[in-house]
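Report on the following structure.
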Amino acid sequence: MKEEQGYTTYLVLHLMECAGFFNDETCDERWSNASAHLKIFMQSKYNDTSKSTYECIEEYIKSYNA
């Protein structure tokens, strides 16, 4: 489970970077921010088990960045 959480945090981080969430943050700050968003995502309506994790997180990031 811990490995999967690391991958999912990385996925959130990657999609946030692609969406332009970060400017001058350090790697540690980015990871911390992505971890916080993962916790929010896990409790959100976007955490839909009928879709892939990638699709769900992508929708969450797009809605948050809108």
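Among the residues making up segment 39-57, those that are surrounded by fewer than 18 Cβ atoms within 10 Å (Cβ to Cβ) and part of a helix (DSSP H, G or I) are LYS39, ILE40, MET42, THR53, TYR54, GLU55. Within segment 13-29, the set of residues being assigned to a helix (DSSP H, G or I) and surrounded by fewer than 16 Cβ atoms within 10 Å (Cβ to Cβ) comprises HIS14, GLU17, CYS18, CYS27, ASP28, GLU29.
Residues of segment 1-20 that are under 21 Å from SER52 (Cβ atoms) and over 8 Å from the mean Cα position of the chain (by Cα): MET1, LYS2, GLU3, GLU4, GLN5, GLY6, TYR7, GLU17, CYS18, ALA19. On the stretch given as segment 6-41, residues that are more than 18 Å from SER63 (Cβ to Cβ) and out of contact with any helix residue (DSSP H, G or I) (no Cβ under 8 Å at 6 or more places or on another chain) total 9.
Every number in this text was worked out from the coordinates using simple rules, so none of it is lab data. Here the structure is a predicted model, which is why all the values come from computation and not from measurement. We place every Cβ from the backbone using ideal geometry, glycine too, and count neighbours over all the protein chains shown.
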